[in-house]
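Below: one structure, written as structure tokens.
Derivation of every value follows stated rules applied to the coordinates shown; laboratory data play no part. Everything numeric here is computed off the predicted structure, so don't read it as measured data. Here the Cβ positions follow ideal geometry from the backbone for every residue, glycine too, while neighbour counts run over all protein chains shown.
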Amino acid sequence: STVYLNGDYMDAEHAKISPMDRGFLFGDGIYEVIPAYNGDMLGFTAHIERMNNGLNELEIVLNYTPDTWRIICDQLCNKNQGKNFGIYLHVSRGADTKRAHAYPTGITPTVFAYAFEIPEQPVSIIESATTYTVSLEQDKRWQRCHIKSTALLGNVIHYQHGAAAGNKETILYNGLGELTEASSSNVFIVKDGVISTPPLDNQILPGITRWLIINILHSHSELKVHERRISKEELLDADEVWITSATKEVGPVIKINDTLIGTGKPGKTWQRVQSLFTLHKFDY
Ligand code: PLP
């Protein structure tokens, strides 16, 4: 496959970075995943904004404009075989001659991007939806989860615990027993027709899919999303639970550990929201 590295396009096997790169040694970097369907990117501006927020927070200075990124994404879609892609963007602080914790000055960030194929958008048909059984455990990650850091070990360990139990995601709650998010998704619940999701703070990633859903419901539906604290008891007692991400869209959860959610099938509200999402996801 063709990848992008520091200004050039090349075959993946010819892309080389220094072992002194701080992305490699410290996980010192920011990443993004932008979905593209037939070359149309979803939430492009919001994804680039989130990445720039992360870079600013880490004081990594990179002079790429949104247009620079757009060209890279378009090129990766064109140069690779396939229809629908997740476009992975990665900026690390760069390579330094010595391994020292302090941010070095005068080094150039490393910029890497590649495209991986993603399946067709999920359809909003209950019988053919991709459903999720998930694990539930206490969130043991750091306290800066709003930063989309390449240092994903905390998330990876949580995901792996779910995978070891035969599940496809792990939902997390904090020390107060409140729902945060999942290892690579945001979480929504529905109870008696009311949709809720945890508010944005340092405990969760501000998901672009989450943001799209809230915007779409705000302008195209009588349904509204309440951003509020949700206890893990409420989560387990919900009629519907969804996990959302760039590659999952609105993913219906049918089981959490041993607890069946609702009837154990995607719910009516999921069907309505995934339909609205499919119709309006390119509007923003
Ligand atoms: N939360 C975490 C921890 C994630 O890694 C992701 C994305 O992979 C999300 C939430 C969902 O974010 P987005 O909708 O921007 O993909």
Going by a ≥ b ≥ c, the root eigenvalues of the Cα gyration tensor, does segment 111-196 fall in the rounded group (a/c under 1.5), the prolate group (a/b larger than b/c) or the oblate group?
oblate
Under the 0.36 nm per residue contour assumption, what length would be gained going from the current alpha-carbon distance of Leu200 and Met10 to full extension?
64.6 nm
Helix 44-57 against the longest principal axis of the chain: what's the angle in degrees, Cα atoms only, rounded to the nearest 10?
60
Applying the gyration tensor rule to the Cα atoms of the chain (axes a ≥ b ≥ c; rounded if a/c under 1.5, else prolate if a/b exceeds b/c, else oblate), the class is prolate
Using unit Cβ charges (K, R positive; D, E negative) and no other charged atoms, how large, in debye to the nearest 20, is the dipole of segment 2-117 about its Cα centre?
220
Selected from Ile261, Cys73, Gln271, residue furthest toward positive end of dipole (the chain; charges at beta carbon):
Cys73
For the chain, modelled as a Gaussian network with Cα springs under 10 Å, which listed residue fluctuates most, His161, His90, His101?
His101
Hey, fewest Cβ within 10 Å first, where do Lys16, Lys191 land in order?
Lys16, Lys191
Kindly identify segment 197-237 as rounded, prolate or oblate by the Cα gyration tensor criterion: order the square roots of the eigenvalues as a ≥ b ≥ c, call it rounded if a/c is under 1.5, otherwise compare a/b with b/c, prolate if a/b is larger, else oblate.
oblate
So for the chain, taking the charge dipole from beta-carbon charges (+1 Lys/Arg, -1 Asp/Glu), which of Ala163, Tyr103, Gly175 sits furthest toward the positive end?
Tyr103
Compute the separation of the alpha-carbon centres of segment 159-192 and segment 2-61 and state it in Å as a whole number.
26
Most fluctuating of Phe44, Phe85, Phe24 in the GNM of the chain (C-alpha, under 10 Å) is Phe24
Counting helices only, and only those DSSP H runs with n ≥ 4, report the 222 nm mean residue ellipticity of the chain as the sum of -39,500 (n - 2.57) divided by its residues, in deg cm²/dmol to the nearest 500.
-8000 deg cm²/dmol
Comparing Lys148, Lys248, Lys83, which has the greatest mean-square fluctuation in the GNM of the chain with Cα pairs linked when under 10 Å apart?
Lys83
